[in-house]
Each structure stands twice: as C-alpha cells, then as structure tokens.
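See below for the structure under consideration.
The values are calculated or read from the model by the stated rules, or taken from the named source; none is laboratory data. Source: prediction; values computed, not measured. Please note: Cβ atoms are built from the backbone with ideal geometry, for glycine as well, and neighbour counts cover all protein chains shown. The area values use the complete protein model at the heavy-atom level, side chains included, leaving out ligands, DNA and RNA. Shrake-Rupley method; radii C 1.70, N 1.55, O 1.52, S 1.80 Å.
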4 protein chains.
Amino acid sequence: MTSPTPRLGVAMIGHSFMGAAHSQAWHTAPRFFDLPLDPVTAVLCGRDEGRTAAAATRLGWAATETSWERTLERDDVDLVDVCTPGDTHAEIAIAALRAGKHVLCEKPLANSVAEAEAMVAAADEAAEHGVRAMVGFTYRRVPAVALARRLVEQGRIGEVRHVRAQYLQDWLVDPEAPLSWRLQKDRAGSGALGDIGAHIVDLTQYITGDRVQEVSARLETFVKERPLATEQSGLSATASTERGAVTVDDAAVFIARFGGGALGVFEATRFATGRKNAIRIEVNGSRGSLAFDFEDMNVLELFDATEPAETAGFRRILATEAEHPYVAAWWPPGHGLGYEHGFTHQVVDLVQAVATGTDPAPGFRDGLQVQRVLDAVETSSDTRTWQEIHP
Amino acid sequence: MTSPTPRLGVAMIGHSFMGAAHSQAWHTAPRFFDLPLDPVTAVLCGRDEGRTAAAATRLGWAATETSWERTLERDDVDLVDVCTPGDTHAEIAIAALRAGKHVLCEKPLANSVAEAEAMVAAADEAAEHGVRAMVGFTYRRVPAVALARRLVEQGRIGEVRHVRAQYLQDWLVDPEAPLSWRLQKDRAGSGALGDIGAHIVDLTQYITGDRVQEVSARLETFVKERPLATEQSGLSATASTERGAVTVDDAAVFIARFGGGALGVFEATRFATGRKNAIRIEVNGSRGSLAFDFEDMNVLELFDATEPAETAGFRRILATEAEHPYVAAWWPPGHGLGYEHGFTHQVVDLVQAVATGTDPAPGFRDGLQVQRVLDAVETSSDTRTWQEIHP
Amino acid sequence: MTSPTPRLGVAMIGHSFMGAAHSQAWHTAPRFFDLPLDPVTAVLCGRDEGRTAAAATRLGWAATETSWERTLERDDVDLVDVCTPGDTHAEIAIAALRAGKHVLCEKPLANSVAEAEAMVAAADEAAEHGVRAMVGFTYRRVPAVALARRLVEQGRIGEVRHVRAQYLQDWLVDPEAPLSWRLQKDRAGSGALGDIGAHIVDLTQYITGDRVQEVSARLETFVKERPLATEQSGLSATASTERGAVTVDDAAVFIARFGGGALGVFEATRFATGRKNAIRIEVNGSRGSLAFDFEDMNVLELFDATEPAETAGFRRILATEAEHPYVAAWWPPGHGLGYEHGFTHQVVDLVQAVATGTDPAPGFRDGLQVQRVLDAVETSSDTRTWQEIHP
Amino acid sequence: MTSPTPRLGVAMIGHSFMGAAHSQAWHTAPRFFDLPLDPVTAVLCGRDEGRTAAAATRLGWAATETSWERTLERDDVDLVDVCTPGDTHAEIAIAALRAGKHVLCEKPLANSVAEAEAMVAAADEAAEHGVRAMVGFTYRRVPAVALARRLVEQGRIGEVRHVRAQYLQDWLVDPEAPLSWRLQKDRAGSGALGDIGAHIVDLTQYITGDRVQEVSARLETFVKERPLATEQSGLSATASTERGAVTVDDAAVFIARFGGGALGVFEATRFATGRKNAIRIEVNGSRGSLAFDFEDMNVLELFDATEPAETAGFRRILATEAEHPYVAAWWPPGHGLGYEHGFTHQVVDLVQAVATGTDPAPGFRDGLQVQRVLDAVETSSDTRTWQEIHP
C-alpha cells in the first residue's frame, strides 16, 4: 500500500527530554490525524556519536549526524526541529531558515531579546520564500487550553478583568539537587522565569488574546550554591562534591497590566513543594470565568455568569469530547490524553501550515514578544521599577 | 421591647449529642428567621437530676424534669422534642401526642415497624385535633440537598435511572472502640443500617420523589465483640476490660429498585476508614445528574445534559446564594453553613407547620415507610432473598 | 440552677451584617465552651431607635441605646464590641478604652495608619489598667486555619519560601450594583484592599509567623461610576437612578517579600466572577506545603515532603476532629462548621484573655501593622515604587 | 545501527477502536522501554480488504490479511493480538495457541464460561510448549492502579472490609443512539456487564488480591428498542429508521462478598449521565483506604489510618513519579499519562513474559474467573437469588 502523500523530511537537533517528546509526536501524528504531508524522521543530530546513534535507534530516526551544520546541508531534510538548550537556538534556527528549511524551535525562543529579534528577521525573510518558523509553546495545544482560547474568543467570559497564572514545580527544593545547565545563566538564559514562566506568559496571552503591557517583578534565588553535576542529560544530572554558583532565578513573581486593562498576577517557581507541574491559569471576565490546572490536564473549568444564580457554578468540562479541539482524532469521551499529546498536536498544526503555505502560530514573532516580557521582568526585578513592554 | 408573637413552649427529652444540636436550633431559629410562633426552651427532661440541671444551664433551658411523663403534664409545654435512643421513641411520642403536644421525634422513628405503625396511628389521631408530628430527617434541610429536591421536581434531570447512595463513617474501625448503646440491638434497633442507612433511604426518596420498592441486602458485623463501655454519654464512652457481643450490623449494603424503575445502590457503614461523615448521593436521570457529599456540604453538583457537549460538565454549585433554600436568612454568598444549621431549618419548618395547621414533612408516615425499608433490608439479609416494601 | 460564673456585660455598636454574626457568637459561645466569664448581651446601640429596637429583639439584646457615648457610660457594660464602618472605629474604640471598657473592634482596625496608631496608644494605656483590646480578624479562628498556624509553628513545612494568597469575591461584577458605603473612600477607607485584602495580609502573617516587609502593588477600579444607593443596610443597598463616583479600589494585587525571605503574591478583588468568598492561601516551605480555601472551609491540605515520593501527596485534612483547634467543643468528626463559628471562637478567646488578664491576639498592634501594610500597598500603587513596611 | 534484539512478529486481528490503541502500544513500547524482544508490527488482519489496507497504512502494519486462519499460518507471526468482538475470541485464540502463537486477547475473554474454559484448556496446553496467553485487562496497568495493588500487597491498608466499584458511562442515555453490535447479545455476550463490568471485577480482585465469592445482582435494560445501525465501525454507528430490540443490559448492579470477608458493591452502566469513563474504585481496610477515579487517572488517593488524627487525610498521590509503576520510562513528575499508555505497559509486560518464559498476568485463567463472576451476576439477576462463584 503506497501513500500518495508528499514526504516531509525532518531532522531533529538534540535528543534528551524534548527530543523524546518530539520524536513521539512525529511518529504519532500521522497515525491519528490526516496530514497533508507525510513526516519522515530522517536525521537525528547530536554531539556525541555513540549516544546519538543509540538515541536514533530508540527514538526511531533513520540516520544520524554529529554536526548541525552538516544536517542543514542534507537534501532529505525539509524541516529542522531544534530541541537544544536556549543558547544555541538563534544560531541553529537562523542557519536552518537561511538553508531553506522550515524550523520548529523549542521555547524560550532565545536567551535574549537581541537573539530573538535576529531570529524574527530571519523568519520574516524566509517566509517570503515559503519557509515557515514556529516556536514550541506546546501547552497551547492541550485540548482544555485550546478550548479556553475558543471560549474567550466566542465572548463567553466577556471582558477580561483578572488573569492569575502560576507555574509551580518543586524539583529544586532539595538544596543538594545538582547544578544542571538549567541553573546556569550562560546556557539557560534564566531560571524558572525562562523555562516555565515563558509558558504562562504565552498561555495567558494566547487564551485572552491580549498582551502584557507592563510589569513589576521580583526574582529570587533561594539556594545560591549547589553541587556541580558530573554528567548532564535532560533533566537528570549526577551530583559531584564540588559546588558552583546558581546564576539563575529559582522563582519569579510579577504583577502586570494587560493592554485591555486586565490585572495579571504571575508566579513561576521550582520551589513549590508538592507541586510537580502545576500550570494553573484562571481568567475572570465580566460574563464568566475559566480555570485550568495542568495537574488535571483534561479538565477546563467554566463559570457562566449569565446562568441564574440558583444553578450557576464552576463546571468541570472533561475536555475529551469530539467537540473539543484535537480530540476527535483520539479516543471516546472520558479517555484522557497525556502530556505528550500536545507535541503531536503541534506537529499536526505545523505540517498543516507548511502544506498550506500559511504562517504557523505561535511564530517567531510571538516568541520574541514573550522574550520581551521576560526581559522586562528581569529588568524590573533588577531596577525595582515598573517596566513597559514595547510591541 | 415586647414581641406580639405567640409563645410555643418546648420540652426536650434527652440532652446528649442530639440534645445539643436541637437546643442550638431552638435558640437560633428565631434570631435568623421570621417565625409565626416564638419558641421558648421551657423544659429539659433527663433521667439524672444533676446532669440534667447542668445540661439545662449550659444548653439554655428554663426548667428541668426527670420524668418524661411529668413533662407531658406541664401546661407550659406545647411541643415535645424527643432526642432519646430509638427504643423509647414510641412510648414517649405516643403519650405526648395523646397529651395534645406537638412532637418532633429523632430518627429512626422507632426500632420496629410495629412501633412505627402505632406511632403513625397516634399521629393520625392527633392530627384530627390539630396536633402535629414530625420525624427528624434533618439532612433534608441542608440547602444543597433541598436544592437537589427542587431541581428534580423541576424536571431538570428528567427521568431518574440511577441512585447511588453511601453513608460512610469510620468510628468503629478500631476493634477496641467500646460497646456503646448504639451497638446493642435492644437499645438501637440496628447498627449502621438504622443509624445512618435510614438517612440515605430517606434522602434518596426525598430527592427523587420516588420510593424504594424492593431490595436485596447484606448486613455484616466485622468485629463481633468489643470492650464494654463503663459510662455512656452521647457518642463517647469509656472502655472497660470486659467484653460483650456486638448485636447490630457494622455495615449494610443493598441494591434496590425504585417504583419508577430506577436502580439503587446503597451502602451504610462505620468501617469506611478515612470517611468521617460522607453522605454521598448521586442521581442520574435522562436529562442530567446530581451529586452531593456531606463532607463538602455547601456544594451541589449538577450536570445538565441539554447543554452542548463542548461546554457540558458537572458544575459545582456553591449553595450559599439567597436563591437557595433557607440561605437568604443567613450570610452573603460563599459564607458556608455547618452541620447544625439543618436543625435550625427543621425548627423553622416545624414551627411554620404548627402555626399554619398543616402537616410537617417528613411526618411519622414517612418515618414508618423508611422503617419498612430498613425492615425489608434486614429480612433480605437474613433470608438471602429479595424483599418487597409494601406501601 | 444558678451559675457562679462572673458576668461580663457586653454592648454592641452596630447591628447589620457583622452585628448579626457577633450576636450569634455571644449567645453561642457559652453553650458550647466552658467560659470563665458569662457574657451577657446587655446593650445594642444603633443610630435609628426603631431599627435598633427591632434588631435587639431579633438578635437577643436586653436593652438599646442610640448614642454610643451614652452606651460607654453604662455600668452594666464591661466590654464594647465595635461593628460599625471603619471611619468610626478610632473614635469609639478609644473612648471605650478610656472609659475602662474592654474592646473588640471589627477589622480593618481603622481607615488610616494615624488613627490606628492612636488606637494602639489607647490600648497600651488601657492595658496598664487591665483593660483589653482585640481586633476582629475572625478567619484566624477557622479550625483549618488555626491548624495551619500550628503546623507551621511545629516546623512541619520547614522554612517558608512562597506565600500565595487570594481573596476573591464577585459582587461588583455587575456595573449596576449600587454605590454602597463600602465603595466610598471617606467611609470605608479603601475598597477590596481594606475590606478583604486586610484579611489575607493578617492570615498569611499569622500562619507563617512572619511579616510582610516590602511590597509592589497595583490597585484598580474597573467600574468608575455606579448608581447611588437609596438606602443602605449591611451589604445590601437599593439602586437609584443617579450615579456617583466609586472612590475606592475594586481590586488590589501586590507582590511582597517577607522578613524571613519568602516571596508573597497577593490578590484581593470583588471582580473574580464565580468566586464568592474564596480566601485561598498556599504556603510552600522547604519541608512541606499547606493550602486552604474558605469555599471548602473545613479542609486543610498538607504536603509532607519527608514522606517517600511513592506515597507523598497533598492530603485533605478534614479539620473536624477533636484534635483540631476549637473542634472538641462541637460535633463528631465529619460534621462541618460554618462561617459564623469563627466569631464564636473569637468570643471564646477574648473572654479567656479578659478573665486571665492577658493580651488577646490579634491585638490593636497587630491591626496597626496590617494597616501599615495596606498603607504601603496604596502608596506603592500611587507612586509605582516598592514600599517598605516599618515595624 | 543494527539492534541485536530478537524479533517478535505480531499480527493483529481487528482494527477499530481497540486496534488503534493496540497499534500505538506496539509502536511505542520499544521507544520508551528496554524490551528483550523487538516487536514488529507484521500483519494486520481484517474482513474487508480495502479498509484493512487503509488501516494498515494508517496504523503502521507491514502487511495485511483478510483471513485470520491464513494469518495464523504465517511464519513471520509469533504473536497474535485478538481485537475482535467477544463472539470470535474463543475460536481465534484457541487456533492461534494451537498454531504455536502467543496470544493477547481483548477482554472479556469470551462470551460464555464454556468458551472461556476451552480457552484456558488451550492456554494450559500451549504453556507446556512455551506459548503464552494474556487477556487484556489494560486498566491494571494505569500507574495509579498498579500502585494501589502494590500498597495493598505491602499491607498499607490492612485487612480489606469494603470494596466499592463503579464503571459509569453515559453514551446510551439518548434513546436514539443506534443499536450497535455492542447492544446485541449474540455478538457482545452481554451489555454494560461484560463490556465495562468485567473491568471493575478484574480491577477490584487485582487490587485486593482477593476474589468475589458470591453475588446478588440486578440487570436492567432501560431502553428496549433502538434504531438499527446502518454501518458499524468501532464505537460509532449510523442510525437507520428501522428499530431492533436491545438484547443486552444497559446497567448491572450487584452486591458481593469477597473470599476474605469484604463486602463489595458494584455498578456498571451506560446511563450515568455526565460520567464519561468513570472507573471509580474505593477500598477501605483496617489500616487505611484507597480511592481511584479514571476520570482523573494520574491520581491515587490514600488514607493512612496510622497517621495521627491531627494530620490524617486522604492524600492525592500524583502517580507521575519515577517511584511509581511504569513511570520512570516516561516524563518528569507532574507530566501525566493518558488512556493509551496502559496498552503500552501491557505490551511491555507481555513481551517480558514471552522473553523470560513466564506466564503473563492476567492470564486466560484470570479471564475465565472474571467470566464466572459475570455469569453468576447474570444468573443471580435472572433467578433473583444469591449465586456463588466456584473457583
């Protein structure tokens, strides 16, 4: 049985945590969704030859490379999926776009506004030649989150007055947790702020359709020194006896005003003991409210203020119905999806955009705007002043 | 400042757990509700003179008696509130009714169907002389429960198909918990079945407006012997070194068919470790569903199946709005009520019935019908057969 | 039966929402708790003679006055309970203390720091003569909240890193809701900030045993004009056709740093559609976390990080056990308390302090400190700067 | 890069709902787990050539067959995965085992006890030749469920006293939902009982390590006639204007006694409006309790009664830690799994058993025992008597 669907050769750079999630998405998307292009997991690129080969076998990639530059030269590669730490995003993504490859770049887009601006310039130029660029704010594609966006767009909650967003993890509570690359400013750009704060900035802006306009922030590093990691792979790392300085924030809190007048309260931390991956977003509007918590990811709560008081209440929508975004492709009602499904939906939307010649969302410009918010947050914390975000 | 409201002299028989709850209700009702009669806490009756006097001071009763017979003879008593163990209900209540006193009788109405029938006969006769009788199924008067009834009555959930009801406690899990009167068949009539099972039989019938028609049941006594209690007062008792036989059930489970065709599943137990007073009722109908749990007593959950699938979900109605039953008399929205408020609402409804000359609900006939269901449950368990409940 | 307990004559100034709650507490406390003094509800004071008399009948007060000055002169009054709007607190409380009356003053202590300072001075002076002063941060006395404090004190959650606190209501979402005294700066001092924000400032400081040290804040008034209220009583008011300016905040958000280094995020609003009285507090420490939500007020959630990962999880403690603060006086496990029980506990603690000649907590000094935090929040919002709170 | 792992050729019979889930599992298992054999998705077998070919392309199978007999003859097939309706299980599975193929058979094992017995005989015989047989009670492999089993085995909840189990769906509430094969006794064997009731019988027995010993049951068909389905595929079907009789149960309720003395209450229904796939299991023991609900599938609730009352409570264990069954292979804490992950875990355990020459669990004998319970339930309902299940 031959498929007439045109091929889309994919190369992935990096193969740790994000690499595993992206691989599964590239494999799974065509099995559950009707795609206009057939993604082929052509090349896996990593620095270490042996480990890259082992990863390719396990994750199901046809070939390997140890140089991302060489990877970009390959004719069997149409799209480059950048899953490396943030300090390499700009260089790889810009080169890939210039080489005429579509790009999917993990978030945060870059480690600085300047880098992100250069990436947007490259993406704009590439777009003129039909080359597409997307940034991986995957959580947008959790069905309950996409449903939240849809309901706001339909006016179901009216004018937005309050946005409260938390991204709570606790993997650094132990002061002996080792100093991985995620705790080093030169590699990661920032700490909780860029790693997880970026997500709630993007998600709240996506759901409300509005933008953060100004912020007052405070960053904190509770544990200033940690054991050096002897080896690093993904999220895990082994501790050594030497210690090094933590150069990023453990937690970031900020208040904000959105363009449309809503008040925002944000908190991103790796010190919320007992919270594992609690992305909690609540939006209160003049006609209703929405609430989401990733620790119960198949649920969206909706309060409809037009309902009589006698029967009004936050309703727990189990976002597993065919009527919900992305769900029709999966299982019957009540059969929940998991973390990695968002990556599959991301592949679906990206392949669709590439095939139809449209700009995927979120694009690099969205990534840049988030970077500007993160930058304003850091500056605000450093200078103890309110900072505006210029569009 | 003189009140023109006519006086309603109340005597209460018994002053332990239920006595405290009823006292608070008699005091509180006129402070929050407009009552057509002014209840006066006239006489407290108990067996022990000293303890009764102390209770009267504490609970706020004007006079005391140590004989319930003498209490019934008093002219300053218009209503008798029976808060004693079940084996004395029939005798006291019947005598009170014959003495022309209105009666509020704690549940279960009696320890046997025969006693309950005699009580109904007495109540019927008394009713002809304008004397009223009510049985204390207090949980009906939790606002969220009364709201459930209202919604079923309005047709909001359509035709009822499933009723699942649990009353879960855990105070007997410890095999050294002493043998109180509640574990003795001659005093208590039955165990979990009559004490707490009675409530879920009443509540499910009240909410659905339907009646249990037949049952298949199993009773179980997990711990057959317990230390004798040296002294008994209310729910607490001190253990002695001697042991005695537990002569009632620790748990009762039964399946049922309601008159209207719904299937019922019931469970009452004192061995549900970790559940303290979990009265959980879920009703599924052709157009919607309702769910309630007393451990979160200010909430009623409603699923409305006429809602589009995209936004349908169980909504958590915080039953603290002025639109909810009994709530307008209390606090602003979101300021929850507690356990004893149901007793206050019971007093309100009873005083209203007495003043307007109408039969209060639930009346003794309702108590008798519940008694028949409990009786059928016991017989079913003993004989391992289905048992019908005759109206 | 005569009680040998010495009498404590109480006068209450004001009889709307808070008056009803305080009345119920004065009546109920001696029925459920062993008090060293017997509180007598002697005098109710209100401006309007007829309405005050009606309230006294209903709420159970022996006599009435229409002048608070005259009330303070009465010999049968030992304690003055101030339930009026904030602009009158200072004058009445100071006069009462000088008249040698103990004082319970509703929160916020005053409408300005200056007034609060004068009140503290008066309280300090009165204390030298054995006269006591307490401020009514009642929510401290919800059993689940008092349990939270106890657990932090025991070191169960270790060093506190994060405090997130929200007080969410929605009664102003409707732009036609009338302009009550609570929306007028001269009467109420501030809006959501002083009315409900004060509670979460007090609660978080109480639970953590730490103090807010600096803040960056933003206040917002979403609806600038509202219909004038024609008549005002408590929380309810009738709308007229004329409109007036809302001169207080609808919502207040701020980030904070506590003295011990914890980061705080606070939000108080009357525009959180669907949230009725959601006081939500979460505290993350180095060894565990606590979470509370008043909309499920009998529950405290605890995460114990010393538990093995396999079985660690937020546990839902139903704070209805005899081992929990205040609960032994009430009902068996699982029989929840309601909103007004906190007021009863407040009376219990106050009477205890008066009888034993100790300073009640929270005292006026605690009220002043909260006032200073509120003041810093307002200044921060006005000046767009961080503000320190000086002890 | 060549893998030295020996090949395991898999053929799957059937390709609708279960086929999609199983396919995804065969593809995913080797990417996330270290398997001793390399499963190859060799052959997909279906009745219709065109539809089977399309499914093979989509689901990723190398070849197709339209005869299951021919499929069994193929040398490239080592294992047969039976995903057809229940009426064909016995014939195909027995033939496959006789052909020396390992078998994974969807549940319920068969449509009758007799068929199931024949299957066990075939499995026993095959086992002597190293051929393995497993029945697909997939929900055992949800991490939270496997954790529940582990905790019971460790004695964490002590002696089991109560088991309450519900499997609630609502897809038949609409009386116009068409008459699919699942509503026809000759195809499906039974209705809610065999389709979903089978799961809760297996799960409760698995978690408790005990067996249902006797039952009293009631089956009900609420809607007796439905529109005929014109075309059937998986769970969906299109309605025609003709009507046919529903020959299976819409709902089944039963009470039970387990061998160890625990009381059980079971309920399986397709009429629980608003409940989509609510598999709810609660087990109360002498030292603790466990609770699970598949609609929040990454959570297990545990109550530990050895904890002091002050801090005891049901804890919400987010079963996403590396310490939890199967989880180490997946994502960091808090990144939940979905419905289909259970199928992947099933493949992992089956491949492990095949490679190590051990009997997989649950085996056909487990499937037969569940069948006997289902049979006893039906007989009990028909005869209105208690029925014992003989081992």
Item to check | Most mobile of A:ALA328, A:ALA376, A:ALA165 in a GNM of chain A (Cα contacts under 10 Å) | outcome: A:ALA328
Checklist entry - Comparing A:ALA312, A:ALA144, A:ALA262, which has the greatest mean-square fluctuation in the GNM of chain A with Cα pairs linked when under 10 Å apart? => result A:ALA312
Next on the checklist: Tell me which of A:THR41, A:ALA148, A:LEU193 sits at the most positive position along the dipole axis of chain A, charges placed on C-beta atoms (Lys, Arg +1; Asp, Glu -1).
Outcome noted: A:ALA148
Next on the checklist: With a cut-off of 8 Å between alpha carbons and a minimum separation of six or more residues, what is the relative contact order of the stretch D:46-120 in percent?
Outcome noted: 25 percent
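Does the protein assembly as shown come out rounded, prolate or oblate, given a ≥ b ≥ c as the square roots of the eigenvalues of its C-alpha gyration tensor, rounded meaning a/c under 1.5 and, failing that, prolate meaning a/b above b/c?
Numbers: a/c = 2.13, a/b = 1.24, b/c = 1.71.
Taking the square roots of the gyration eigenvalues as a ≥ b ≥ c, the protein assembly as shown is oblate.
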Next on the checklist: Which residue in A is nearest the A/B rotation axis when you measure from the C-beta atom, and what is the distance in Å?
Outcome noted: A:ARG315, 2
Checklist entry - What's the buried accessible area, both sides, between D and B using a 1.4 Å probe, rounded to 100 Å²? => result 3700 Å²
Item to check | Distance between modelled label sites at C:TRP181 and C:ALA328, nm, 7 Å Cα→Cβ extension | outcome: 4.1 nm
Checklist entry - Calculated FRET efficiency, B:ALA62 and A:GLU242, Cβ-Cβ r, R0 60 Å, to nearest 0.05? => result 0.15
Item to check | Potential extension, D:ASP174-D:ASP75 segment - 0.36 nm per residue separation minus Cα distance | outcome: 30.9 nm
Checklist outcome for this item: From highest to lowest solvent-accessible area (probe 1.4 Å; ligands, DNA and RNA excluded), D:PHE258, D:PHE222 read D:PHE222, D:PHE258
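Run the helix sum for chain C: -39,500 (n - 2.57) per DSSP H stretch of 4+ residues, divided by residue count, reported at 222 nm to the nearest 500 deg cm²/dmol.
Values: 10 runs with 120 residues, N = 391.
Mean residue ellipticity at 222 nm (helix-derived): -9500 deg cm²/dmol.
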Checklist entry - With every protein chain kept in the model, how would you rank A:GLU225, C:GLU321 by accessible area, 1.4 Å probe, largest at the top? => result A:GLU225, C:GLU321
Item to check | Residues of the stretch D:58-72 with amide N under 15 Å of the 7 Å Cα→Cβ point at D:HIS129 | outcome: D:72
Checklist entry - Using a Gaussian network model of chain B with C-alpha springs under 10 Å, which one of B:GLU310, B:GLU340, B:GLU69 is most mobile by mean-square fluctuation? => result B:GLU310
Next on the checklist: Check which residues have an amide H placed less than 5 Å from A:HIS335's amide H, if you skip close sequence neighbours.
Outcome noted: none
Checklist entry - How much of D:TYR326 can a 1.4 Å solvent probe reach, expressed as accessible area in Å² and rounded to 10? => result 50 Å²
Checklist entry - To the nearest 20 debye, what charge dipole does the stretch C:310-391 have about its Cα centre, counting +1 at the Cβ of each Lys and Arg and -1 at the Cβ of each Asp and Glu? => result 80 debye
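State to the nearest 20 debye the size of the charge dipole of the stretch B:7-138 about its Cα centre, where the only charges are +1 on K and R beta carbons and -1 on D and E beta carbons.
Working: 11 positive and 19 negative charges, 96 e Å.
Dipole magnitude for the stretch B:7-138 comes out near 460 debye.
How long are the semi-axes of the equivalent ellipsoid of the stretch A:7-138, defined as square roots of 5 times the Cα gyration tensor eigenvalues? Whole Å, largest first. Don't skip to the end; give the middle numbers.
On the way: eigenvalues 93, 59, 39 Å².
Gyration-tensor ellipsoid for the stretch A:7-138: 22, 17, 14 Å.
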Item to check | With DNA, RNA and ligands ignored, accessible area of D:HIS129 (1.4 Å probe; Å², nearest 10) | outcome: 140 Å²
Checklist entry - In debye, nearest 20: dipole of chain C around its Cα centre with unit charges on the Cβ of K, R (+) and D, E (-)? => result 420 debye
Checklist entry - What are the principal axis extents of the Cα atoms in chain C, in Å, biggest first? => result 62, 57, 39
Checklist entry - What per residue convex hull volume, in Å³, comes out for the stretch A:297-367 when only alpha-carbon positions are used? => result 145 Å³
Next on the checklist: Solvent-accessible area of D:ARG58, probe 1.4 Å, all protein chains present, reported in Å² to the nearest ten, please.
Outcome noted: 80 Å²
Checklist entry - Can you list, shortest first in nanometers, how far B:THR88 lies from the same residue in the other copies, with each label 7 Å from Cα toward Cβ? => result 4.9, 7.2, 8.4
Item to check | Label 7 Å beyond Cα on the Cβ vector: C:TRP171 copy-to-copy distances, nm | outcome: 3.7, 4.5, 4.7
Checklist entry - What gaps in nm, shortest first, separate C:GLY209 from its twins in the other copies when you place the label 7 Å past Cα toward the beta carbon? => result 4.2, 5.1, 5.7
Checklist outcome for this item: For chain C the mean separation of alpha carbon contacts under 8 Å (6+ apart) over residue count, i.e. relative contact order in percent, is 20 percent
Checklist outcome for this item: With the 1.4 Å probe rolled over protein heavy atoms, chain B has an accessible area per residue in Å² of 32 Å²
Item to check | All aspartates and glutamates inside 13 Å of D:LYS224 as judged from Cα atoms, apart from same-chain residues fewer than 8 positions distant | outcome: D:ASP174, D:GLU176, D:ASP249, D:ASP250
Next on the checklist: Just to be sure I understand the model, the point goes 7 Å from the Cα along the line to the Cβ. What's the resulting A:LYS224 to A:THR5 distance in nm?
Outcome noted: 5.5 nm
